[in-house]
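The structure appears below as structure tokens.
The values are calculated or read from the model by the stated rules, or taken from the named source; none is laboratory data. Since we're looking at a predicted model, the values are computed, not measured. Cβ placement follows ideal geometry from the backbone for every residue including glycine, while neighbour counts extend to all protein chains displayed.
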């Protein structure tokens, strides 16, 4: 279990908290593994009826830890554990709620597409700048995001790195409500407890009918193959070098 993942079970709700505020809750392999373990246990624990994702500090998560990303891109370490996390989330049958107090980057934004209720702060900022890092979308977001907000807006988020505000997230159907930052978690917890009081078989069946898990997992697998190739590419190495050196990447030498 990672020290940066905190768990609390109350009133049928398992709250999984990203607790690395000094790094804007950037997700490490250890954090992914701990979150997966928590979801696996929640799946088989009948006392847990809902999962709530929350965070410490003003950010939800800045996405993957860039140091681990760069290490994999440079061939210095093994694979990222993000794939197992997003696939576990895609297959999870119980309701999932998210409280987003601010920044949600990369997987921090795409994981919201697998949440059933999402509450965002008026300070929230969602972005999926995969192409900026010479990568491709993940978590089946190449399927889910265009379906939710349209091709052109999704492509701008992926390829141009454009972000959307909390207000836009609500308007576009990515979130249920926008609230003051200090109210987001309270409202999300109330919603999670309300869901936990519903008939569990009925609510899980409803979620199952609303989602084509087979298609989602197939898209996650397809994305991950390309993502893995991109991560070890010369383009990605240039992107991560540029990030570390605080400069703009130069892709002019690539065909």
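Quick check on my filter: what residues within segment 112-131 are surrounded by fewer than 20 Cβ atoms within 10 Å (Cβ to Cβ) and either at pLDDT below 95 or in a loop (DSSP other than H, G, I, E, B) (or both)?
122, 123, 129 - these are the residues of segment 112-131 that are surrounded by fewer than 20 Cβ atoms within 10 Å (Cβ to Cβ) and either at pLDDT below 95 or in a loop (DSSP other than H, G, I, E, B) (or both).
Yes/no matrix, rows are residues, columns are (1) more than 27 Å from residue 164 (Cβ to Cβ); (2) out of contact with any strand residue (DSSP E or B) (no Cβ under 9 Å at 6 or more places or on another chain):
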residue: 13; (1), (2): yes, no
residue: 27; (1), (2): no, no
residue: 43; (1), (2): yes, yes
residue: 62; (1), (2): no, no
residue: 65; (1), (2): no, no
residue: 85; (1), (2): no, no
residue: 90; (1), (2): no, yes
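Table: residues versus (1) assigned to a helix (DSSP H, G or I); (2) closer than 25 Å to residue 144 by Cβ; (3) touching a residue at least 60 places away in the same chain (Cβ under 8 Å).
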site	(1), (2), (3)
38	yes, yes, no
41	yes, no, no
47	no, no, no
54	no, yes, yes
86	yes, yes, yes
98	no, yes, yes
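Quick one: which helices (runs of 4 or more DSSP H) sit completely within segment 157-254 and have at least 3 residues that are touching a strand residue (DSSP E or B) at 6+ places or on another chain (Cβ under 9 Å)? Talk me through it step by step, then tell me what you get.
On the way: elements: 166-171, 184-196, 200-210, 213-231, 234-244.
Passing ranges, in order: 166-171, 184-196.
If you go through segment 67-80 one residue at a time, do you hit one that is surrounded by 22 or more Cβ atoms within 10 Å (Cβ to Cβ), in a helix (DSSP H, G or I) and touching a helix residue (DSSP H, G or I) at 6+ places or on another chain (Cβ under 7 Å)?
Looking for residues that are surrounded by 22 or more Cβ atoms within 10 Å (Cβ to Cβ), in a helix (DSSP H, G or I) and touching a helix residue (DSSP H, G or I) at 6+ places or on another chain (Cβ under 7 Å), one finds at least one in segment 67-80, hence yes.
Looking for whichever is out of contact with any helix residue (DSSP H, G or I) (no Cβ under 9 Å at 6 or more places or on another chain) and either surrounded by fewer than 22 Cβ atoms within 10 Å (Cβ to Cβ) or under 23 Å from residue 240 (Cβ atoms) (or both) here; the options are 156, 147, 134, 139. Which one fits?
None of the others qualify; the one that does is 156.
Closer than 28 Å to residue 201 by Cα and either modelled with pLDDT under 95 or in contact with a strand residue (DSSP E or B) (Cβ under 9 Å, 6 or more places away or on another chain) (or both): does that describe residue 107?
No: the conditions fail for residue 107.
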